[in-house]
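The values are calculated or read from the model by the stated rules, or taken from the named source; none is laboratory data. Since we're looking at a predicted model, the values are computed, not measured. Positions of Cβ are backbone-derived with ideal geometry, glycine not excepted, and every protein chain shown enters the neighbour counts. Calculation scope for accessible area: heavy atoms of the full protein, side chains included, ligands and nucleic acids excluded. Shrake-Rupley method; radii C 1.70, N 1.55, O 1.52, S 1.80 Å.
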Amino acid sequence: MKYVLYILVLLLIATNLYAKTDSKKQLKDGNKILSKSDDKIDVSAALVEFDMKVYRKNKLQRTYKMTAKSSGTEKNLIEFTHPPRNKGEKILRVGDNIWMYRPKINRVMRVSGRSNSVGSDFSNTDLFFIRLDRDYTSKLLGIEKYNGEKAYKLELLAKSEDVTYAKIIYWVRVKDYMPLKREHYTLSGHKLKTLVLETTTNALKGIPDTFTMTNVMEEEKKSILRLTHLETKRDFPDRIFRKDSLKRKR
Amino acid sequence: MNRIDCVIYLIVLWGVVLSFCPAASLMAAKRNAGISADGDQEIGHHLDALNPEAEETTPEFQGEFKFGGTVQSLNNSSIINPDNETLGLNGSETVLDVHAQISDYLTGGQNLRWVVKSYGFSSYPAIDNSGWKEDFLRIDEAFFDGGWRNWFVSIGKRRVNWGTTSAWNPLNVIVPAKNPMLFDPPTEGHPLFLLNFASDHFNLDLIATRDFDRNWDGTYNRWGARLGMLWGDKDIGVYYFDGEAYAEPDVPVYLTTPDYSRLMGISYSSNFFSDATLYCELASFSENTRYYYDRSGNQMEKDAPVIRGALGSVITLKNNASFHVEWYYNGSGYSLNEKRNYYSWVDSNLSTIYPLAIAESEKELLRNMTILNYQNWAMNKNYLFLAYNKLLLDRYEFGTVLITAEDASGMFSVKGAYSISDYYLLETILYQYFGDRNSEFGNFIVKNSAAINLSSSF
C-alpha cells in the first residue's frame, strides 16, 4: 500500500513538472512564432503610404490617406494627406507618448493610444504597426486550419495594463509565419475587434497589404487599411520624430 | 489693408500661380501611374509620382471657406448692456470666413521654406439700425523657417503657442487670445525671431518678439525662453517671458492679458492609464493691474503679482466618444463683493448717461468708457470646463460644452456636425448663457444664439 502511495505521489510530481515544462515550451514557442510573424510586417525603418476607408452599415463613409515614417521600433510619424479637412494633421509616437498636431488651431496635444484614430475602427496605436512582441507575451495554443491552411493559434497577453488591448488571439500561417487574423479582447475578456490581414498583391513583396478591422461590439462597422506604397530601410533624421518638429513640415 | 499686406498678397498670388503648374504635371504623373480619377490607386503600380520626396518640392496651397448665419437674442437683463442700448448689436448676421495658406521650399534639400497664412472675415447684419458692419482681410502669418541638424530658426510674423492645456491656456503669452474666455484664436501673429535647439529628451526655444502694429511699427520688445523635457511618458516645460508690457490695438493696457512685466511658468502632461491624458499649466505673472470699485463707487487700483493655472484631462470613452474636463484658476479674478460693487456702479453710471441731453456719439463714448474701464471677462477666480464629444454613424458628430464660473453663471453649448463629403461640412451650434445680474456670464451681451455654418476645405 505504501509503495502504491509513493508511486502515485511521484506520478503527480512528474505530471506537474511535465505540465510546467510544457507551458514553458508553449511560451517559448509562442514568443518565437510571434517574433517571426512581427518580422513579416516590420516597418521599423520604412516609409509607408496607406489609405483607410471607414464603412458604416456596409457603406463607405470616409476615405483618409496618410504617410507614415518610422525609425526603429519606438518612433513613428503619421501625416494625413487626404481629405483636405484633415490634411497636415500629424500623429507622433515616441515610445509610449503619442501627440497629435492640428494645424487649424496650431496646437500639439498629447492623446491616448487607445483612442480611435479619426473615428475609424483602428486605434492610434494600430496605425503605427508596433511590433507585438514589444508589448505582449505569446503562448502557443495549438495548430488549427485557417482558410484551408495550417495556422498557429497564439494567445497574446499584455505585459502591462497600459497597452491598448489586454489580450489578442492571433493566427499565424505555419509555412511562412505570415500573420492572418487577430481577435482583440478587453481586460474583462470581451471581444472588441477582429483584424484580418490579407496579401492581395505581390507588389509589396508578399507582405500583408490589406488590413480589415471589424468592430465586434457594434454591427456593420469596419475600416479597411490598404498599404499603397512601402519603402523599407529608409533612414529618416531623428529631428522629425520630435514633438517640436510637428509644427514644421519635416 | 496696408501697403505691406498688399505686397505679401501679391507674393501669395504668385505662389498660387506657380503651384498650379507643378500640380498639373503631378496629375499627369498620377494618370500615368494608373491612378483613377477619384483618387483611388491600384496596388501593384510603383507610385513614383506620389513619392513624398517628389511631392514635397511643390508649393502647397490649402484653405477653408466658411459661410454661416447667426441668430441671437440679446440679454435684456444685463446691467452692462440694458435693452441693447449700449452696444447696438444686431439680431442676426451672415458671416463669410476664409483661411488660406501657401508654402514652398527655397532649397532643394527642403531645409528652408516660406509660409504665408491669411485670414479674411466679412460680417453682414441682416437687421442693421446702426450701419455697423465688419470686414477685413489680413495676413495672419508670414515667415521663413529652416533647420539644420538639431537647430531650427524662424523669422517673420508668426503665431507661437506655448503650453499644454486645451480650454484655457495661461502660458500662451507670446500671441495671446484677446479674450481668454473665447477659445478660438482669432489673433494674428507677431513679428518674431525663434531659435530652437532640440535633442531627443530636451529642447530649448529662445524667442525675441515685438508687438504687432497695423503699420508694422511696433514699439514694445519682449523676449523669452522655454526649456522642454521628455522624461519617460512625461512632458515637462519651464517658461520665462520678459520685456515691455503692451496692449492690443484699441484696448486699454490694463484690459489685456499680457499686462505684466515678467512671466515664469511650468507645464506638465502625461498619460493617465491607457485611455486618458493629464495636463496642467502654472503661470506666475510679476504684476497685474486691475481696477475695482468700493461701495461708494470710487475707482481703485490693484497692482500685484498673480498666478493663473489650469489642470485637465481628456478621457477616451468607448465607441468614438471622449470626455474632457478642465479647471482654471484665475488669480486676477474679483471677489463677489468687488463684482457686486462694480455692477452697481455701472448700473448707476449708465442710468445717468441715458437722460443726458447730448449727442448720441457723445453718449456712446461715455457708455463705452463706463464699460471699458473694467475687465468684464475673466472676472471669476475659478472656472470649470466640461465637454463631451461623440462621433455618430461616422458622418455625424455631436458635442456639448459646459463652462461654469464660481459665481454660478456659465455657458452651455450643443453642437451637431454633418460631414457632407470629404470636402464639405455642415454644422450647427446653439449657445445659452446663464447667471444672475451680478454674475459674469449673466451680464454677457447675448442670452442665447444659434449658428449654422457650411465650410469647404480645399
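The chymotrypsin sites (Phe, Trp or Tyr not before Pro) of region A:176-229 include none that meets both conditions, a loop assignment by DSSP and at most 12 other Cβ atoms within 10 Å of the site Cβ. Across all Cα atoms of chain A, the radius of gyration (one decimal) and Dmax (whole number) stand at 21.2, 84 Å. Can you classify region A:172-250 as rounded, prolate or oblate using the Cα gyration tensor, where a ≥ b ≥ c are the square roots of its eigenvalues, rounded means a/c under 1.5, and otherwise it's prolate if a/b beats b/c and oblate if not? Note, shape of region A:172-250 comes out oblate. Rounded, prolate or oblate: which fits region A:56-137, taking a ≥ b ≥ c as square roots of the Cα gyration tensor eigenvalues, rounded meaning a/c under 1.5, else prolate when a/b beats b/c? Cα axes put region A:56-137 in the oblate bin.
Placing pseudo-labels 7 Å out from each Cα toward the beta carbon at B:PHE67 and B:VAL325 gives an inter-label distance of 4.3 nm.
For B:VAL173, the amide hydrogen comes within under 5 Å of the amide hydrogens of B:TRP162, counting only partners 5 or more places away or on other chains and with H modelled in the peptide plane. The charge dipole of region B:253-351, taken about its Cα centre with unit charges on the Cβ atoms of Lys, Arg (+1), Asp and Glu (-1) only, comes to about 140 debye. The trypsin sites (Lys or Arg not before Pro) of region B:288-358 that DSSP puts in a loop, and whose beta carbon has at most 14 other beta carbons within 10 Å, are B:ARG295, B:LYS318. Under 5 Å between amide hydrogens, built in the peptide plane, is the criterion, and for B:GLU287 it picks out B:SER261, B:ARG262, B:VAL306 among residues at least 5 positions away or on other chains.
Write out the trypsin sites (Lys or Arg not before Pro) in region A:106-179 meeting two conditions: DSSP loop, and at most 13 other Cβ atoms within 10 Å of their Cβ.
Answer by residue number: A:LYS159, A:LYS175.
Calculated FRET efficiency, B:ASN368 to B:LEU392, Cβ-Cβ distance, R0 = 45 Å: about 0.50 to the nearest 0.05. The residues neighbouring B:ASN453, those whose beta-carbon lies less than 9 Å from its own, together hold a net charge of -1 under the Lys/Arg +1, Asp/Glu -1 convention. Extension gain for A:LEU60 to A:VAL174 (0.36 nm times residue separation, less C-alpha to C-alpha distance): 37.6 nm. Other residues within the sphere of radius under 10 Å centred on the Cβ of A:THR125, judged by their own Cβ, net out at -1 (K and R +1, D and E -1). Inter-chain Cβ neighbour count for B:445-457, averaged per residue, equals 1 (cutoff 10 Å, partner chain atoms only).
Other protein chain C-beta atoms within 10 Å of residue C-beta, averaged over A:50-63: 2. Using R₀ = 25 Å, calculate the FRET efficiency as 1/(1 + (r/R₀)^6) where r is the Cβ-Cβ separation of B:SER313 and B:GLU287; round to 0.05. The computed FRET efficiency comes out at 0.20.
Per-residue extension of 0.36 nm, minus the Cα-Cα distance of B:LEU206 and B:VAL238, leaves a gain of 10.3 nm for this segment.
Phi-derived couplings, Karplus 6.51 cos²θ - 1.76 cosθ + 1.60 at θ = phi - 60°, listed residue by residue for region A:118-124: 5, x, 8, 8, 8, 7, 4 Hz, with x used for Gly and Pro. Using the alpha carbons alone, the radius of gyration of region A:117-250 stands to its Kirkwood radius in an Rg to Rh ratio of 0.99.
The length gained by stretching the chain between B:SER92 and B:ARG149 to full extension, at 0.36 nm per residue less their Cα-Cα distance, is 15.2 nm. Look at the alpha carbon pairs under 8 Å that are at least 6 residues apart: their mean separation over the length of region A:96-178 gives a relative contact order of 18 percent. For chain A, adding -39500 (n - 2.57) for each run of n ≥ 4 DSSP H residues and dividing by the number of residues yields -6000 deg cm²/dmol at 222 nm.
Phi-derived couplings, Karplus 6.51 cos²θ - 1.76 cosθ + 1.60 at θ = phi - 60°, listed residue by residue for region A:156-167: 9, 10, 5, 6, 9, 6, 7, 6, 4, 10, 6, 9 Hz, with x used for Gly and Pro. Computed over region B:325-458, the Cα gyration tensor eigenvalues convert (square root of 5λ each) into semi-axes of 37, 21, 11 Å, ordered from largest to smallest. In region A:61-203, taking the dipole from charged Cβ atoms about the Cα centre, the farthest positive-side position among A:THR194, A:VAL108, A:VAL174 is held by A:VAL108.
Over all residues in B:198-204, what is the mean tally of Cβ atoms on other chains that come within 10 Å of each residue's Cβ?
Mean number of neighbouring Cβ atoms from other chains: 3.
Ranking A:HIS190, A:HIS229 from most to least accessible surface, computed with a 1.4 Å probe over the protein chains only, gives A:HIS190, A:HIS229. A simple rule links phi to the HN-Hα coupling: the Karplus curve 6.51 cos²θ - 1.76 cosθ + 1.60 with θ = phi - 60°, which for region B:405-422 gives 10, 5, 8, 6, 9, x, 9, 10, 9, 10, 10, x, 10, 10, 8, 5, 7, 5 Hz, with x for Gly and Pro.
Between the Cα long axis of helix A:2-40 and the first principal axis of chain A there is an angle of about 20°, rounded to the nearest 10.
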